[in-house]
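The values are calculated or read from the model by the stated rules, or taken from the named source; none is laboratory data. All values reported here derive from a predicted model rather than from experimental measurement. Positions of Cβ are backbone-derived with ideal geometry, glycine not excepted, and every protein chain shown enters the neighbour counts.
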Amino acid sequence: MFSGFMANTWIVATVVAAVAGVVGFFVVIRGSSFAAHALPLGAFPGAAAASLLGVNAIFGLVVFSAVGAIGIGQLSKRGKRDVATALILVVLLGLGALFLSMTSEYAPEIYSLLFGEVLGIAKDEVGPIIGLGVVAVLAIGLLYRPLMLSSISPELGEVQGISTSKMELCFLLVVALVTAMALPVVGALLVFSLMVGPPAAARAFTNRPQVAIVLSAAVALVTVWASIAISYESNWPVGFFVGGFGAGSYFIGRGWTWLSRAYATRADTAVELEHAA
Amino acid sequence: MVDALLRSVFEPGLFSSGPVHTAAIIGGIAAVVSGVVGTFTVMRGQSFAGHALSDVSAAGGSASFLLGISPLLGFVGMAGIAAGGMEMIGVQRARGRDLATGIVLGAGLGLAALLLYFDATFTSTTGAAITVLFGSMFAISSSTIPLVVAFSLVALGMILVVYRPLILSSVSTELAQVRGVRVRLTESIHLLTLALAVALSAMTIGAILSTALLIGPGAAALRVAHRPAWAIFSAALIGLGTTWGGILLAYDSYYWSSDHRGWPVSFFVVSLIFIAYLVSGRVGARSTHRAPKPLAIEEISSSPTQSTRS
């Protein structure tokens, strides 16, 4: 499991999980799950386009996810955000259907683009993926204050001169970056699971944003490591475990919220009873 | 001359081709049902749920390959389970709806990954992932037509039963509650109808077109029409037009290049829908000068129940 050819996988998966966990925190507080799902799925035809042109797949993924982010940002200026996301997604997938009909891509290759491939990380992909990850985290670091403000209260942000639509576009572009780097590892359909499950769980455990971001990255790391290990042993697709653990961590978070609330009310009643006595 | 023009639009053999007939019928039915249900979905801001249900129902499709049951059962069953899951963890509340949908979708896609893997391992149908996602309108068996018609009638009937309360609760939950509408029940029925419509179209025309036909026509119609009934009718019409137009173009594209490699029908349908949405924005912006009233308020204020209250 830790032999030479798996080293690339472990390095890349670790970077992907940490970045997805950090960016995912903002996906959850902004309610952008749909965009976080649409960008990876819409970017996946980019790989087909890249193979059609004979360039590196990552390049195709970056271009397609960036086009998707800009498209969603532009369309939602004049119309509903969820409608804009859905339409951009289907347009990109429609293009994908066209490209796929032109290439002679094997079905297993498409399957691994959709659902992830643990063993498929080539040596020349490690560099670009780490580079994209660093850029994404730097962007979040630079945007941290305005992004947080505009996510929690767009009105307050506007008062302080932060344009909501510009912030939205910047954020979508960061999600697009994460998409392009994570897609070859965990697959188009499961990138977003990593960006939604772990941060949702983290939010249930703490109210402090910085702590939640770190916790979210940690949960994402555990999810990915465990998924790869079990996938390696069982030979089942890594996407299944990522999706399952993502949902599982959400429910653990929900359970924790419920428990702590139940405990709080019981403590309150106990105090009241004491006072009454 | 007109004859020559017609012949260049409708390439030879279009009207006598069996697969084209089946595609036109099933695609048309799916377009109409999606247009009607989708108008409500867009009004209620549940596009994500609509798309998620189509993706998750695809997992049911791959399960049916594996179990050897009817695909329709797999698609509808899984969409029903997913809708139930979303309902349980709170898709109806605006807060947290996005997250609840995302969690169900993530779990469903994980399951799809596993089932497709089993399909590939045990039944050596490696193309299942592509068939399920992209669909293939020209490969539908004509024997599915009766079943599709039956399920579509059920979906349309359910919409008809909850039509008024659903419109009310889509425009304003508070208003609906004041009028004594059982909002929760109405919304659950809408979600169930959505699951049915989406499963039906995902099975026949693929997950991409399912989302495109659900959201695109409804969103375009709502930008030009100012009454719900008119919007629903236009959505069905736009859906039908774009689907048939897409089939026609896909059929024609076979003759465009010398090597006779047709372009996929989903590409054309999606492009037409996107164009319709962009055009509707222009038309809608112009017509608001004449009819500034927002959608549905007009309909509600002119309804007979209003007069009993005032």
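Would you pick out the residues in segment B:223-277 that are farther than 23 Å from B:Thr39 by Cβ and in a loop (DSSP other than H, G, I, E, B)?
B:Tyr254, B:Tyr255, B:Trp256, B:Ser257, B:Ser258, B:Asp259, B:His260, B:Arg261, B:Gly262, B:Trp263, B:Pro264
Determine which member of the set B:Leu115, B:Leu99 is more than 8 Å from chain A (Cβ to nearest Cβ), assigned to a helix (DSSP H, G or I) and at pLDDT below 85.
B:Leu115
Please tell me if A:Ser249 is within 14 Å of chain B (Cβ to nearest Cβ), under 18 Å from A:Val27 (Cβ atoms) and more than 13 Å from the chain's Cα centre (by Cα).
Criteria met by A:Ser249.
If you scan segment B:191-239, which residues turn out to be farther than 29 Å from B:Ile81 by Cα and more than 12 Å from chain A (Cβ to nearest Cβ)?
Once the filter is applied, which keeps residues that are farther than 29 Å from B:Ile81 by Cα and more than 12 Å from chain A (Cβ to nearest Cβ), segment B:191-239 yields B:Val224, B:Ala225, B:His226, B:Arg227, B:Pro228, B:Ala229, B:Trp230, B:Ala231, B:Phe233, B:Ser234, B:Leu237, B:Ile238.
Might you let me know whether segment A:7-21 holds any residue that is within 19 Å of B:Ile208 (Cα to Cα) and of a type in the set (Ser, Thr, Tyr)?
No, because not a single residue in segment A:7-21 is within 19 Å of B:Ile208 (Cα to Cα) and of a type in the set (Ser, Thr, Tyr).
Mind telling me which of the residues A:Phe59, A:Phe44, A:Phe25 ends up being among the aromatic types (Phe, Trp, Tyr) and within 19 Å of B:Ser210 (Cα to Cα)?
Step by step, each of A:Phe59, A:Phe44, A:Phe25 is checked, and only A:Phe44 is among the aromatic types (Phe, Trp, Tyr) and within 19 Å of B:Ser210 (Cα to Cα).
Which residues, taken from segment A:33-60, are over 19 Å from A:Val90 (Cα atoms), touching a residue at least 60 places away in the same chain (Cβ under 8 Å) and within 14 Å of chain B (Cβ to nearest Cβ)?
Residues satisfying the conditions do not exist here.
Considering only segment A:74-95, I want to know if a residue exists there that is away from chain B (no Cβ under 14 Å), under 20 Å from the mean Cα position of the chain (by Cα), under 29 Å from B:Gly281 (Cβ atoms) and buried (at least 16 other Cβ atoms within 10 Å of the Cβ).
No, every residue in segment A:74-95 fails to be away from chain B (no Cβ under 14 Å), under 20 Å from the mean Cα position of the chain (by Cα), under 29 Å from B:Gly281 (Cβ atoms) and buried (at least 16 other Cβ atoms within 10 Å of the Cβ).
I'd like the residue in segment A:145-160 that is touching a Pro at 6+ places or on another chain (Cβ under 9 Å) and free of Cβ contacts under 8 Å to residues at least 60 places away in the same chain and, out of all such residues, is farthest from A:Phe25 (Cα to Cα).
The selected residue is A:Gln160.
Is it true that B:Glu187 is away from chain A (no Cβ under 14 Å), surrounded by fewer than 17 Cβ atoms within 10 Å (Cβ to Cβ) and modelled with pLDDT under 85?
no
Could you please let me know if A:Ile70 is away from chain B (no Cβ under 14 Å), surrounded by fewer than 24 Cβ atoms within 10 Å (Cβ to Cβ) and under 30 Å from B:Phe40 (Cα atoms)?
yes
Identify all residues within segment B:228-277 that are touching an Asp or Glu at 6+ places or on another chain (Cβ under 7 Å) and buried (at least 18 other Cβ atoms within 10 Å of the Cβ); write none if there are none.
B:Pro228, B:Tyr251
Just checking, does segment A:227-236 include any residue being within 11 Å of A:Ala17 (Cβ to Cβ), surrounded by fewer than 24 Cβ atoms within 10 Å (Cβ to Cβ) and away from chain B (no Cβ under 13 Å)?
Within segment A:227-236 (the criterion being within 11 Å of A:Ala17 (Cβ to Cβ), surrounded by fewer than 24 Cβ atoms within 10 Å (Cβ to Cβ) and away from chain B (no Cβ under 13 Å)), the answer is no, since none of the residues qualifies.
Looking at segment A:229-259, which of the residues that are modelled with pLDDT of 85 or more and in contact with a Ser or Thr (Cβ under 7 Å, 6 or more places away or on another chain) is nearest to B:Gly110 (Cα to Cα)?
Applying the filter and picking the extreme gives A:Gly243.
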